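Asks: Below: one structure in structure tokens.
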Amino acid sequence: MANAAAPEPKENMGQPMPRIDGRLKVTGGARYPSDIRLKEPVYAALALSSIALGSISRFRLDAARAVAGVIDIFTHETLSDAIKEQVMMGQSEQAGYAASTIRPLQSASILHDGQIIAIVVADTFEAATEAARLVAPEYDARTPSATFGSDGVTIEEAAKISKKHEDPKIGDAEAALRTAEVKVDNRYSTPVQHHNPIELFTTSCIWDGPKLTIFEPSQTAHGLRFGVAQQLGMNPDDVHVVSSFIGGAFGSKGATTERTALIAAIAKKLDRPVKFVSSRADAFFVSTYRAETEQRVALAASRDGKLTALIHEGHEVTSRPDGYFVGGTDTTTRMYACPNISTKVSVVHADRKTPGFMRAPAEMPYMFVLESAMDELAETLGIDPVELRRINDTQIEPIKGLAFTSRSLMPCFDAAAAAFRWSERNRKPGAARDGDWLIGQGCATSCYPTMVAPATARVSLMPDGTAHVETAAQDVGTGTYTVVAQMAAERLGIDARHVKVTLGDSKLPPAPVSGGSNVTASVCSAVAKACDAINEKLRGSNSQNLAEQFRRLGVSELVEYAETVAPGASPEGIDQLYKGISALGGGPKLKDRIQYAFGAQFIEVAVHSRTREIRVRRMTGAFAAGRIMNTRTARSQLMGGMIGGIGSALLEATEIDRRYARYVNKNLADYEVPVNADIEALDVILVPETDDKVNAVGVKGVGELGIVGTAAAVANAVYNATGIRVRDLPIRLDALLT
Ligand code: MOS
């Protein structure tokens, strides 16, 4: 039955079927990788560097070795042969799977705070943890460069790092800005953020002769299989990755990290299964993170509100050796009609760990800036912010003149504005009050590129009307098990409860990374194709009775294996998929069209007139993302994204001590995220949209859409409440003390 958590499906939306793995999860029956029982395992714990730059001159390990139960301690002196090769994902002609080229324990050198310097193995988790704390390194420390503005950082243009990155440009933006009737031109910043999924980062490795089995939560079972094979110089056929349940990922479990190969190498040396479960604090270093950015946006417009120029420049921090960047200007230049656009993305190399994916890696920070600037422009023009978006709305993106496959931005604004009662807003900053609280309202655009990757799936239909779908795709908590069952049921004309789904295992038909919000579209396309092939075989019989049809065909089951590439995607993507590479395509990267999902978010904040405490009182988001497979799981994804957006707006930041290039609040106890009490009223509206061009199943994906724009909507609401424009995230009360 429909309720707030399970919205009534509208046009082109699937039923709000409860998650088929929900019962297993709440009863403890879902076995996460670290729940897998190993035969006589040993436990590993990490010792991490307390300097950011330099080298280890020697270790004092006596105290650590003296802990009862300690079996061995591995350092660069004993494990330096472990990682043979580590190619970073997307950064070389060669197939790469890793989050970074930095290989800890392979030499004495330290390139960032929290680098793994030793791995302690013991009979118990507790002994390993205690001993890891007693590992005493001596360092030759050098002065590190921490971040923007630190001595010794170097700047490099993104376009020089990656051939795939072009800085979008059209017309003459600087000239248009100089002669503009109205303009805003400001600098903004976004902070370092770290992943804290509920399920920690774990790795269990078991060898059987030359065969390695890895239990690890991964957004790409196949990618991890090939990544570890590359690290260890193994035949990928000898590596098996199991990742059946994943307790949150958000990008943190996307690329192969150094730990997996190191744990595998130790298991081999000891000839024992090794289990590693990171501590909450170590999680800040085991995974990747979202790097800080500094950005400039200039907007120019004529008095009627039409944009005449957009300049967007971004600087992002990365490590010394790796040129990781997110480059959100591909997206910000496609949002509105504008004849003169210029952009540039650069990285700043500092003595830091290589950053990596975090929910809407590019769009979250870059759209915060664009959507803040749009609000500033609306204010300067005296035009309602919703109307400013309408004036500049376009069905053709301005850089290459390509048509959006579908774009429901204004229907989203209109639906959300009506539900939010935007028309009742007081436009004058600082004018609305509720007792001691200043009330403000703001809005912003949400968007996310629609990405699709090659995928494969095997579907088996039995004569009793049950089916089995097998694909290596992962369910990171988003509902993949459920929507795959729904897709198979729909195509085969059976009940979704009769579809068994097996996921998250590298022995299954390969599927892409659960990243870039692509898996529902990609995997459902493959499942649909396999089902269609089954239907093809069943055709020609008048009987509706499945059992009879199977008898007629003389088979006990019908099994079909399907491979899919999305329209416009290169067919070589399938070969790459069989090597564990997810050839994601789409968004602004296609030659003949552009594909995005859109949304609009409205937020009301209350700012205490004396303490300046900031509360989000209510938020309304309306989103259109093509076919919605399941209104319950889609709403849940969008709601989670919006709550993540509140974290980005008001709470999340890892503070760095610039003197030492080290993090200060590297523990969940000190790293703030929104909790239930921070979220009062949250409304998700699913706006119907049909798009048959994006892919075979018309799905755009909703995993990352909800976090984009939220922080700008909050900043814009804070401005409306107080008259203070905050351009640096997170917005804290000290920014509002005047
Ligand atoms: Mo996500 S940051 O695409 O895993």
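The values are calculated or read from the model by the stated rules, or taken from the named source; none is laboratory data. All of these numbers come straight from a predicted model, not from anything done at the bench. A quick note on method: Cβ atoms are made from the backbone with ideal geometry, for glycine too, and the neighbour counts reach across all protein chains shown. For accessibility, only protein heavy atoms count, side chains too; no ligands or nucleic acids. Shrake-Rupley method; radii C 1.70, N 1.55, O 1.52, S 1.80 Å.
Asks: Can you confirm whether Ala337 is on the phi < 0 side of the Ramachandran plot and open to solvent by less than 30 Å² (accessible area, probe 1.4 Å)? If you could, list the steps in order and put the result at the bottom.
Replies: Working: on the phi < 0 side of the Ramachandran plot: yes; open to solvent by less than 30 Å² (accessible area, probe 1.4 Å): no.
So Ala337 fails the test.
Asks: Looking at segment 160-215 only, could you name the residues that are under 20 Å from His240 (Cβ atoms) and open to solvent by 10 Å² or more (accessible area, probe 1.4 Å)?
Replies: So in segment 160-215, the residues under 20 Å from His240 (Cβ atoms) come out as 201-215.
Across segment 160-215, the qualifying residues are Ile206, Trp207, Asp208, Gly209, Pro210, Lys211, Thr213, Phe215.
Asks: Right, Gln230: open to solvent by less than 10 Å² (accessible area, probe 1.4 Å) and either in contact with a Phe, Trp or Tyr (Cβ under 7 Å, 6 or more places away or on another chain) or part of a loop (DSSP other than H, G, I, E, B) (or both) or not? Break it down stepwise before answering.
Replies: Values: open to solvent by less than 10 Å² (accessible area, probe 1.4 Å): no; either in contact with a Phe, Trp or Tyr (Cβ under 7 Å, 6 or more places away or on another chain) or part of a loop (DSSP other than H, G, I, E, B) (or both): yes.
Considered against the rule, which asks whether it is open to solvent by less than 10 Å² (accessible area, probe 1.4 Å) and either in contact with a Phe, Trp or Tyr (Cβ under 7 Å, 6 or more places away or on another chain) or part of a loop (DSSP other than H, G, I, E, B) (or both), Gln230 comes out as no.
Asks: Let me ask another. If you take the residues of segment 243-254 that are hydrophobic (A, V, I, L, M, F, W, C) and open to solvent by less than 20 Å² (accessible area, probe 1.4 Å), which of them is farthest from the ligand (Cβ to nearest atom)? Explain how you work it out, then say what you get.
Replies: Within segment 243-254, the first condition is being hydrophobic (A, V, I, L, M, F, W, C), and the residues that meet it are 245-246, 249-250.
Checking the rest, the ones that are also open to solvent by less than 20 Å² (accessible area, probe 1.4 Å) come to 246, 249.
Values: Ile246: 11, Ala249: 6 Å.
The residue in question is Ile246.
Asks: May I pose another question? Among the residues of segment 45-76, write down those that are among the polar types (S, T, N, Q) and over 12 Å from Arg133 (Cα atoms). Write out each step before concluding.
Replies: Let us first name the residues in segment 45-76 that are among the polar types (S, T, N, Q), namely 49-50, 55, 57, 75.
Hits for segment 45-76 are Ser55, Ser57, Thr75.
Asks: I've got another one for you. Could you give every pair whose Cβ atoms fall below 9 Å, whose first residue belongs to segment 717-738 and is within 13 Å of Ile614 (Cβ to Cβ), and whose second residue is at pLDDT below 95, counting only separations of at least 6 or pairs across chains?
Replies: Close Cβ pairs satisfying both conditions: Thr722/Thr738; Ile724/Thr738.
Asks: Just to confirm my filter: which helices (runs of 4 or more DSSP H) fall fully inside segment 348-458 and include at least 2 residues that are more than 16 Å from the ligand (Cβ to nearest atom) and acidic (Asp, Glu)?
Replies: Working: elements: 363-381, 385-392, 409-420.
In segment 348-458, the matching helices (runs of 4 or more DSSP H) lie at 363-381.
Asks: List, please: which pairs have Cβ atoms under 9 Å, are six or more places apart or on different chains, and start with a residue in segment 469-489 that is without any contact (Cβ under 8 Å) to a residue 12 or more places away in the chain and end with one that is surrounded by 24 or more Cβ atoms within 10 Å (Cβ to Cβ)?
Replies: Qualifying pairs under 9 Å: none.
Asks: Output the residue which, of all residues in segment 547-589 that are open to solvent by 60 Å² or more (accessible area, probe 1.4 Å) and polar (S, T, N, Q), is nearest to Asn535 (Cα to Cα).
Replies: Among those that are open to solvent by 60 Å² or more (accessible area, probe 1.4 Å) and polar (S, T, N, Q), it is Ser556.
Asks: Here's a follow-up. In segment 450-461, which residues are open to solvent by 10 Å² or more (accessible area, probe 1.4 Å) and farther than 16 Å from Thr502 by Cα?
Replies: Met451
Asks: If you don't mind, another one. Scan Arg421, Arg433, Arg407 and give me the residue that is surrounded by fewer than 22 Cβ atoms within 10 Å (Cβ to Cβ) and on the phi < 0 side of the Ramachandran plot. Talk me through it step by step, then tell me what you get.
Replies: Numbers: Arg421 fails: on the phi < 0 side of the Ramachandran plot; Arg407 fails: surrounded by fewer than 22 Cβ atoms within 10 Å (Cβ to Cβ).
On inspection, the qualifying residue turns out to be Arg433.
Asks: How many of the residues making up segment 692-716 are over 28 Å from Ala249 (Cα atoms) and in contact (Cβ under 8 Å) with a residue 12 or more places away in the chain?
Replies: So the answer is 2.
Asks: Any residue at all in segment 257-270 that's small (Gly, Ala, Ser), crowded, with 21+ Cβ neighbours inside 10 Å and within 16 Å of the ligand (Cβ to nearest atom)? Don't jump to the end; show me each part of the working.
Replies: Kept after step one, since they are small (Gly, Ala, Ser), are these residues of segment 257-270: 261, 264-265, 267.
Filter once more, so that each one left must be crowded, with 21+ Cβ neighbours inside 10 Å: 261, 264-265, 267.
From what's left, within 16 Å of the ligand (Cβ to nearest atom): none.
Among the residues of segment 257-270, not one is small (Gly, Ala, Ser), crowded, with 21+ Cβ neighbours inside 10 Å and within 16 Å of the ligand (Cβ to nearest atom), which makes the answer no.
Asks: Would you check if Glu77 is of a type in the set (Asp, Glu), in contact (Cβ under 8 Å) with a residue 12 or more places away in the chain and on the phi > 0 side of the Ramachandran plot? It would help to see each step written out before you state the result.
Replies: Numbers: of a type in the set (Asp, Glu): yes; in contact (Cβ under 8 Å) with a residue 12 or more places away in the chain: yes; on the phi > 0 side of the Ramachandran plot: no.
Spelling it out, it is not the case that Glu77 is of a type in the set (Asp, Glu), in contact (Cβ under 8 Å) with a residue 12 or more places away in the chain and on the phi > 0 side of the Ramachandran plot.
Asks: Would you tally the residues in segment 510-530 being away from the ligand (no atom under 16 Å from the Cβ) and either surrounded by 24 or more Cβ atoms within 10 Å (Cβ to Cβ) or under 18 Å from the mean Cα position of the chain (by Cα) (or both)?
Replies: Keep residues of segment 510-530 that are away from the ligand (no atom under 16 Å from the Cβ), which gives 510, 524-530.
Next, from what is left, pick out any that are either surrounded by 24 or more Cβ atoms within 10 Å (Cβ to Cβ) or under 18 Å from the mean Cα position of the chain (by Cα) (or both): 510, 524-527, 530.
Total satisfying the criteria: 6.
Asks: In segment 20-40, is there at least one residue being more than 32 Å from the chain's Cα centre (by Cα), over 30 Å from Ala496 (Cβ atoms) and either exposed (fewer than 13 other Cβ atoms within 10 Å of the Cβ) or in contact (Cβ under 8 Å) with a residue 40 or more places away in the chain (or both)?
Replies: Going residue by residue through segment 20-40, those that are more than 32 Å from the chain's Cα centre (by Cα) are 39-40.
Now narrow it down to the ones that are over 30 Å from Ala496 (Cβ atoms): 39-40.
Within this subset, residues satisfying the condition of being either exposed (fewer than 13 other Cβ atoms within 10 Å of the Cβ) or in contact (Cβ under 8 Å) with a residue 40 or more places away in the chain (or both) are 39-40.
Checked segment 20-40: at least one residue is more than 32 Å from the chain's Cα centre (by Cα), over 30 Å from Ala496 (Cβ atoms) and either exposed (fewer than 13 other Cβ atoms within 10 Å of the Cβ) or in contact (Cβ under 8 Å) with a residue 40 or more places away in the chain (or both).
Asks: So, in segment 271-290, exactly how many residues are surrounded by fewer than 16 Cβ atoms within 10 Å (Cβ to Cβ) and not in a loop (DSSP other than H, G, I, E, B)?
Replies: 0
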